[in-house]
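The next block holds one structure in the form of structure tokens; read it before the comments.
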Amino acid sequence: MPTGDSSLRIQRGLHHHSDLDDVDLTLVNELSRNGRLANSELAARAGIAESTCLNRVRSLVMRGVITGFYADVSPTALGLHLEALITIRLHAHARGDLRRFQKYLENLSATQRVYFLAGDRDFLVHVAVHDAGALRELVSDTLSLRPEVASTSTSLIFAHAAGKRGL
């Protein structure tokens, strides 16, 4: 039987897919907390048979509800000791090709995540680099020199606080 908190999530408006039932929501919630959860454990938590669980998860992936399974890798463990958030505003004439610029940002080796924004900035880019010199080079010599870029603003990340996992 699914955990009781799925009905609470539905009441809060998280049941936006009309074809998601309580079992689907339980599976999504559990996998968002731990993507490496064994199928047998996931099935037990959802109160369904293991074969049903496997089929349900496959269906959630095929329908685009679950978009991937990821490993959280520590940039520091890879020698990337400095992380920053860079906001970027593009020139008005460059906004016609936002997707191309977004792909450019995604392909930078320092990029961890790219967010396309509404408001006075167009992008927020989370980057991880070796040191302050590498960050300066990225911002001053790589991003700021692009013809599309009107301005950038950089904020250093001192620490990460883990947010709530799950729905």
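Quick notes on this one:
- Using the Cα coordinates of the chain, the gyration tensor eigenvalues translate into equivalent-ellipsoid semi-axes of 39, 19, 14 Å, sorted from longest to shortest.
- Value at 222 nm in deg cm²/dmol, rounded to 500, when DSSP H runs of n ≥ 4 in the chain each add -39,500 (n - 2.57): -9000 deg cm²/dmol
- Whether region 49-124 is rounded, prolate or oblate, judged on the alpha carbon gyration tensor where a/c under 1.5 counts as rounded: oblate
- Heavy-atom surface of region 27-77, accessible at 1.4 Å and reported per residue (Å²): 63
- Simple Cβ-charge dipole of the chain, Lys/Arg +1 and Asp/Glu -1, about Cα centre, in debye nearest 20: 200
- FRET efficiency for the pair L78 and S155, taken as 1/(1 + (r/R0)^6) with r the Cβ-Cβ distance and R0 = 30 Å, rounds to 0.90.
- Distant-in-sequence amide H partners of F123 (H built 1.01 Å from N, under 5 Å): I88, L117
- Largest to smallest accessible area among D21, D72 [probe 1.4 Å]: D72, D21
- On the chain, 53 percent of the accessible area sits on carbon and sulfur atoms, based on a 1.4 Å probe.
- Separation of the R136 and R36 label points, Cα + 7 Å toward Cβ, nm: 3.9
- The accessible-area ordering, largest first, of the residues Y115, Y70, Y104 stands as Y70, Y115, Y104, per a 1.4 angstrom probe.
- Pairs of Cα atoms farther than 19 Å apart, region 84-167, %: 37
- Cα gyration tensor shape for region 51-93, rounded if a/c is under 1.5, else prolate or oblate: oblate
The values are calculated or read from the model by the stated rules, or taken from the named source; none is laboratory data. Since the structure is predicted, the reported quantities are computational estimates derived from the model, not experimental observations. Neighbour counts run over all protein chains shown; Cβ positions are idealised from the backbone, glycine included. Please note that ligands, DNA and RNA were not included when accessible areas were found on the heavy atoms of the full protein model with its side chains. Shrake-Rupley method; radii C 1.70, N 1.55, O 1.52, S 1.80 Å.
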